[in-house]
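Working notes, beginning with the structure itself.
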Amino acid sequence: MDLQLGRLEDLPQDYRDELEKNNLVPLWPSLRDVMPPLTPRPKSQITLWPYKDIRPLLMQAGQLTPIEKAERRVLVLSNPGLDITTMRASPVIYLGMQLILPGEIAPNHRHTPNAVRLIVEGRGGYTTVEGEKCPMEHGDLILTPSGMWHEHGHEGDEPVVWLDILDLPLVYYAEATYVEEGDDQAERKVALEPTYHGGIVPVKQFARNQADYPILRYRWVDAKRVLENIAQTEPNTDIVQVAYVNPETGADCQKIIGYTAIMLRANETVHLKRRSAAQVFHMIEGEISLVIDDETLPMGKSDTAVAPAFTHVSLTNRSNQPSFVFVADEAPFQKKLGLYSERERIDGKA
């Protein structure tokens, strides 16, 4: 049985003033807010960011602000339940749509937050990470891990846009976030074919001794091929899904945020487990209905949405062609702290 806890206003004003003067706060009036019974009470809201609304504003930013004045030309996807000025899509995940125009260079730097780039549109862009040039193609995932030098450039003739995903909120909360500027990198160009495949890797790459990140660029054409193979060879599987992992260790490709991709067969519906980690969904190809609790979000190509922790999530393909969804979630971080859980029922409710 839950006790009726005292309220702050029940305390005499002179006592409250004395507490404040001594930098003290009584716990009991806020105890149920910071430790609610049975399940958390997320402040994050179900949110959809349609790309058709973002793109014109992003292109306008390209006209209004040259790269020299922006360094990184980004519109941040902020969750209204978390105060949009804090630039959080979820408690741990930062999202931003970044634009680079032909001929521009986003200068070399490194920072403490881990980042990935999911390419949304355009050709000719690239990211150079620790001297390795990673071409940007639609749907590719490019890692820029904590402390690694990286810069972006554009050798094509059309705008290039990508979705930035960072663990910035977590690192900022820990008062550990900073950036260091550096000189332009002496890049080494890499082939468009995978540099790590079937256990065979170039000697120079192996010699980098970066076992944490043997792959920096995960090509969408490869991920899509694996998804299609699973769908063909395992027609009865409940969900066609692949994870982006470190091939040397089998662990998540980055330490804090996990990344997967889901293929929805024609007119298929899949139900995801109710979980303690918030999830971000980004449409790579196709169109779906994303249902989060009782809210239905129609999603088309390049749309992005977030589902708070412990919500019911289902995805339905609304077309006669396969649809492909990229997913980012907070599970790796929660698992490291022993906080992650999946639940079928909460508070006695299905």
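The values are calculated or read from the model by the stated rules, or taken from the named source; none is laboratory data. Worth saying up front: this structure is predicted, and the values here are computed from it rather than measured. Reconstructed Cβ throughout: ideal geometry from the backbone, glycine too, with neighbour counts over all protein chains shown. Heads up: the accessible areas ignore ligands, DNA and RNA and are worked out on the full protein's heavy atoms, side chains in. Shrake-Rupley method; radii C 1.70, N 1.55, O 1.52, S 1.80 Å.
Summary table below
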item	result
Ellipticity estimate at 222 nm from DSSP helix runs (n ≥ 4, -39,500 (n - 2.57)) divided over the chain, nearest 500	-4500 deg cm²/dmol
Probe 1.4 Å, protein heavy atoms only - accessible area per residue of the chain in square angstrom	52 Å²
Over the range 281-326: Kirkwood hydrodynamic radius from C-alpha pairwise inverse distances, Å	10.6 Å
Share of Cα-Cα pairs in the range 223-272 lying beyond 15 Å, as whole percent	51 percent
Mean separation of Cα contacts under 8 Å (6+ apart) over length of the chain, as relative contact order %	15 percent
Ranking by accessible area, most exposed first, for Lys43, Lys301 with a 1.4 Å probe	Lys43, Lys301
Rg to Rh, two decimals, where the range 218-350 supplies the alpha carbon set and Rh follows Kirkwood	0.96
Calculated on alpha-carbon atoms, Rg and Dmax of the range 42-179 in Å	14.6, 43
Projected label distance in nm at Arg123 and Glu158, using a 7 Å step from Cα toward the beta-carbon	0.7 nm
Cβ-defined net charge surrounding Asp252, 14 Å radius [Lys, Arg +1; Asp, Glu -1]	-2
Spatial extent of the chain: Rg and Dmax, with the Cα atoms as the point set, Å	22.2, 72
Sequence-separation-based contact order of the range 209-288, relative, with Cα cut under 8 Å and 6+ spacing, percent	25 percent
Alpha-carbon gyration tensor eigenvalues x 5, square-rooted, for the range 26-107, Å	37, 14, 9
Ile284 long-range amide H proximity, modeled H, under 5 Å	Ser302, Phe324, Val325, Phe326
Percent accessible area from carbon and sulfur atoms, the chain, protein chains only, probe 1.4 Å	53 percent
